[in-house]
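Data block below; observations after.
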Amino acid sequence: MRLSQYFMPILRDDPKEAEIVSHRLMLRTGMVRQESAGIYSWLPLGFRVLKKIEQIVRQEQNRAGAIEVLMPTIQSADLWRKSGRYDDYGKEMLRITDRHDRDMLYGPTNEEMITDMFRAGAQSYKDLPRNLYHIQWKFRDEVRPRFGVMRGREFLMKDAYSFDYTADGGRHSYGKMFVSYLRTYARMGLKAIPMQAETGPIGGDLSHEFLILADTGESEVHFDRDFYDMDWSEFTIDYDDPQAVSAIVNDYTSKYAATDDMHVEADFHARVPQDRRLSGRGIEVGHIFFFGDKYSQPLDCFVQTAEGGNVPILSGSYGIGVSRLAGAVIEASHDEAGIIWPEAVAPFDIGLINLKAGDSATDAACDKLYGELSSAGLEVLYDDKDDRAGGKFARMDLIGLPWQIIIGPRSLKDGNAEVKNRKTGERENVALSGIVSRFAKQG
Ligand code: ATP
Ligand code: MG
């Protein structure tokens, strides 16, 4: 993408309304624009990040055996009356009346709808287990939308729902999501610590929240320092092997980690030696529940057993805050100059800076390299604008692409470009002829 033809409205000054760094940087780099309180447009740069996050979430859900569907944002109130949540949900639910005076709502979550969908489509125990998910916009009329996309009113969520025949099967389904969440966050360069959670209005007894540590997080968290030494890489796992799955779950849940609501100081002291006890703040980026027949009972979601009887399906639900993650990644990865994107979610792989746009030799070298890198499958933001060098450097640092390739008349004389790593700040001269092979993606 040529910057001269792109739409990336950079703000010169820090927006006053932004209280935390991710919100400030998302507004400054023109990633998002607030349309009304807690409701955002995703501009081109932000949209690319959102789609990358979404795609990682999707790949890891699929890998764990979940099947993608898409449910609507607008739901009828009928199913919510059946489950009893129409009244319980309170003011967070945006209620709408259609032209026929029917009560509708903008979905804050989808347990009712998916349970009804599954009820209609599954007859016997042979149709189990299944896990269905979608990635869809939700609306919750939060009292205090703030921190940009971190606590929006309209936000993008991945929500998966498991359907099982036996409690053991349900635990396996829960474990698969647990492990897939670890992998999902690791791919984005995040350590999201699974913490024991309250089950809240959804109910049930098995629940974990995944939190990344950040001073600006809304939750107070207490955890064992050992988490720092754990394997957060994308380990491989055989999801079909219940023992392998539960071994990983046990490994992560055997260490103390709790949000303030669930924290018991005496347990913390009993289980963790003093030099390993840490407290801080965290951002919730995912939440998983197993709630058994809480929805299948009222919504009549039963299957036939082998003996010909009827039993309610056992379910769990599993959410990831896709749009919140865009902000959370920035909270975890930035410096004074701007964002530092992990490669997996960066809006572009490389920023190519033409230091002397208008100079025919420099233009020709940059254009050629831009074409070659693009043909090699790399996503390049090509700064071909004729601004001053200082402004170009600052802008490229601000938007935080992992790599910068800088070309001007001086480096060109030796047939070189300067390659800068945004994260480490390291710069080196690389022969122009060797650049494409250096960056070309393997496989
Ligand atoms: P929170 O405690 O932050 O209000 P929640 O517990 O109500 O979140 P869940 O119902 O567990 O949220 O939703 C699943 C995920 O969706 C959360 O872990 C979070 O990452 C994301 N999420 C929830 N509410 C919002 C919001 N208002 N804006 C952006 N993301 C959100
Ligand atoms: Mg939650």
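The values are calculated or read from the model by the stated rules, or taken from the named source; none is laboratory data. What you see is a predicted model; the values in this text were computed from it and never measured. Glycine also receives a Cβ, built like all others from the backbone with ideal geometry; neighbour counts cover every protein chain displayed.
So, Phe227, is that one in contact with a strand residue (DSSP E or B) (Cβ under 6 Å, 6 or more places away or on another chain), in a helix (DSSP H, G or I), more than 16 Å from ligand 1 (Cβ to nearest atom) and of a type outside the set (Gly, Ala, Ser) or not? Give the steps one after another, and end with the answer.
On the way: in contact with a strand residue (DSSP E or B) (Cβ under 6 Å, 6 or more places away or on another chain): yes; in a helix (DSSP H, G or I): yes; more than 16 Å from ligand 1 (Cβ to nearest atom): yes; of a type outside the set (Gly, Ala, Ser): yes.
Considered against the rule, which asks whether it is in contact with a strand residue (DSSP E or B) (Cβ under 6 Å, 6 or more places away or on another chain), in a helix (DSSP H, G or I), more than 16 Å from ligand 1 (Cβ to nearest atom) and of a type outside the set (Gly, Ala, Ser), Phe227 comes out as yes.
Could you please find all residues in the range 114-132 being surrounded by 17 or more Cβ atoms within 10 Å (Cβ to Cβ), touching a Ser or Thr at 6+ places or on another chain (Cβ under 9 Å) and either basic (Lys, Arg) or outside any loop (DSSP other than H, G, I, E, B) (or both)?
Of everything in the range 114-132, those that are surrounded by 17 or more Cβ atoms within 10 Å (Cβ to Cβ), touching a Ser or Thr at 6+ places or on another chain (Cβ under 9 Å) and either basic (Lys, Arg) or outside any loop (DSSP other than H, G, I, E, B) (or both) turn out to be Ile114, Thr115, Phe118, Arg119, Tyr125, Arg130, Asn131, Leu132.
In the range 276-303, how many are under 30 Å from Lys82 (Cα atoms), under 27 Å from the mean Cα position of the chain (by Cα) and more than 16 Å from ligand 1 (Cβ to nearest atom)?
Within the range 276-303, the subset under 30 Å from Lys82 (Cα atoms) is 284-303.
The next check asks that each one be under 27 Å from the mean Cα position of the chain (by Cα); those that pass are 284-292, 295.
Keeping just the survivors that are more than 16 Å from ligand 1 (Cβ to nearest atom) gives 292.
Residues that pass the stated criteria total 1.
Would it be correct to say that Asp251 is outside any strand (DSSP E or B) and under 20 Å from Arg225 (Cα atoms)?
Details: outside any strand (DSSP E or B): yes; under 20 Å from Arg225 (Cα atoms): yes.
For Asp251, the condition - outside any strand (DSSP E or B) and under 20 Å from Arg225 (Cα atoms) - is met.
Looking at the range 401-432, which of the residues that are assigned to a helix (DSSP H, G or I) and of a type outside the set (Gly, Ala, Ser) is surrounded by the fewest Cβ atoms within 10 Å (Cβ to Cβ)? Break it down into steps so the answer makes sense when it comes.
Quick first cut of the range 401-432, residues assigned to a helix (DSSP H, G or I) only: 409-413, 432.
Filter again for of a type outside the set (Gly, Ala, Ser), leaving 409-410, 412-413, 432.
Working: Pro409: 12, Arg410: 12, Leu412: 19, Lys413: 9, Leu432: 18.
The qualifying residue surrounded by the fewest Cβ atoms within 10 Å (Cβ to Cβ) is Lys413.
Could you say which residue among Arg140, Arg151, Arg146 is within 16 Å of ligand 2 (Cβ to nearest atom) and over 28 Å from Trp232 (Cα atoms)?
Values: Arg151 fails: over 28 Å from Trp232 (Cα atoms); Arg146 fails: within 16 Å of ligand 2 (Cβ to nearest atom).
Testing whether each residue is within 16 Å of ligand 2 (Cβ to nearest atom) and over 28 Å from Trp232 (Cα atoms) leaves just Arg140.
Of the conditions (1) in a strand (DSSP E or B); (2) hydrophobic (A, V, I, L, M, F, W, C); (3) more than 16 Å from ligand 2 (Cβ to nearest atom), Ala160 satisfies every one except a single condition; which number is it?
Ala160 satisfies all of (1) in a strand (DSSP E or B); (2) hydrophobic (A, V, I, L, M, F, W, C); (3) more than 16 Å from ligand 2 (Cβ to nearest atom) except (3).
Residue by residue through the range 74-103, note down the ones that are more than 21 Å from Gly38 (Cα to Cα), of a type outside the set (Lys, Arg) and more than 16 Å from ligand 1 (Cβ to nearest atom).
Ser76, Ala77, Asp78, Leu79, Gly84, Tyr86, Asp87, Thr97, Asp98, His100, Asp101, Asp103
When you check Pro342 against the structure, is it away from ligand 1 (no atom under 16 Å from the Cβ) and either farther than 30 Å from Phe223 by Cβ or of a type in the set (Asp, Glu) (or both), yes or no? Break it down stepwise before answering.
Working: away from ligand 1 (no atom under 16 Å from the Cβ): yes; either farther than 30 Å from Phe223 by Cβ or of a type in the set (Asp, Glu) (or both): no.
So Pro342 fails the test.
The rows are residues; the columns are (1) of a type in the set (Phe, Trp, Tyr); (2) closer than 26 Å to Glu54 by Cβ; (3) touching a residue at least 24 places away in the same chain (Cβ under 8 Å); (4) within 16 Å of ligand 2 (Cβ to nearest atom).
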| residue | (1), (2), (3), (4) |
| --- | --- |
| Leu211 | no, yes, yes, yes |
| Asp215 | no, no, yes, no |
| Glu218 | no, yes, yes, yes |
| Arg225 | no, no, yes, no |
| Val245 | no, yes, yes, no |
| Asn250 | no, no, no, no |
| Asp267 | no, no, no, no |
| His287 | no, yes, yes, yes |
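For the range 243-266, which positions are under 13 Å from Leu182 (Cα atoms) and in contact with a strand residue (DSSP E or B) (Cβ under 7 Å, 6 or more places away or on another chain)?
Tyr252, Thr253
List every residue pair whose Cβ atoms sit under 7 Å apart, with the two residues 6 or more apart in sequence or on different chains, where the first one lies in the range 393-414 and is closer than 14 Å to Gly30 by Cβ and the second, anywhere, is in a helix (DSSP H, G or I).
Leu398/Arg28; Ile399/Leu45
Can you pull out the residues in the range 133-143 that are part of a loop (DSSP other than H, G, I, E, B) and more than 10 Å from ligand 1 (Cβ to nearest atom)? Break it down into steps so the answer makes sense when it comes.
Within the range 133-143, the subset part of a loop (DSSP other than H, G, I, E, B) is 140-143.
Val143, the sole residue that qualifies.
Here's a check for you: in the range 57-70, which residue that is out of contact with any Leu (no Cβ under 9 Å at 6 or more places or on another chain) and touching a residue at least 40 places away in the same chain (Cβ under 8 Å) is nearest to Pro298 (Cα to Cα)? Lay out the reasoning, then the answer.
In the first step, residues of the range 57-70 are kept if they are out of contact with any Leu (no Cβ under 9 Å at 6 or more places or on another chain); the result is 58-65, 70.
If we keep only those that are touching a residue at least 40 places away in the same chain (Cβ under 8 Å) too, we end up with 58, 60-61, 63-65, 70.
Working: Arg58: 30, Glu60: 31, Gln61: 28, Arg63: 32, Ala64: 29, Gly65: 27, Leu70: 23 Å.
The residue in question is Leu70.
Answer yes if at least one residue in the range 65-77 is more than 30 Å from Ile10 (Cα to Cα) and assigned to a helix (DSSP H, G or I), and no otherwise.
The initial filter retains those residues of the range 65-77 that are more than 30 Å from Ile10 (Cα to Cα), namely 65-77.
Restricting the remaining residues to those that are assigned to a helix (DSSP H, G or I) gives 77.
Within the range 65-77, one or more residues are more than 30 Å from Ile10 (Cα to Cα) and assigned to a helix (DSSP H, G or I).
On the given criteria, is Pro312 touching a Cys at 6+ places or on another chain (Cβ under 7 Å), modelled with pLDDT of 95 or more, more than 15 Å from ligand 2 (Cβ to nearest atom) and not aliphatic (A, V, I, L, M)?
Taking the combined requirement at face value, the residue satisfies it.
Among the residues of the range 234-276, write down those that are under 22 Å from Gln61 (Cα atoms) and in contact with a helix residue (DSSP H, G or I) (Cβ under 6 Å, 6 or more places away or on another chain). If you could, list the steps in order and put the result at the bottom.
Of the range 234-276, the ones under 22 Å from Gln61 (Cα atoms) are 234-253.
The answer is Glu234, Ile237, Asp238, Tyr239, Pro242, Val245, Ser246, Ile248, Val249.
With respect to Asp205, determine if the residue is at pLDDT below 95 and either crowded, with 17+ Cβ neighbours inside 10 Å or within 17 Å of Gly280 (Cβ to Cβ) (or both). Lay out the reasoning, then the answer.
Numbers: at pLDDT below 95: yes; either crowded, with 17+ Cβ neighbours inside 10 Å or within 17 Å of Gly280 (Cβ to Cβ) (or both): no.
No.
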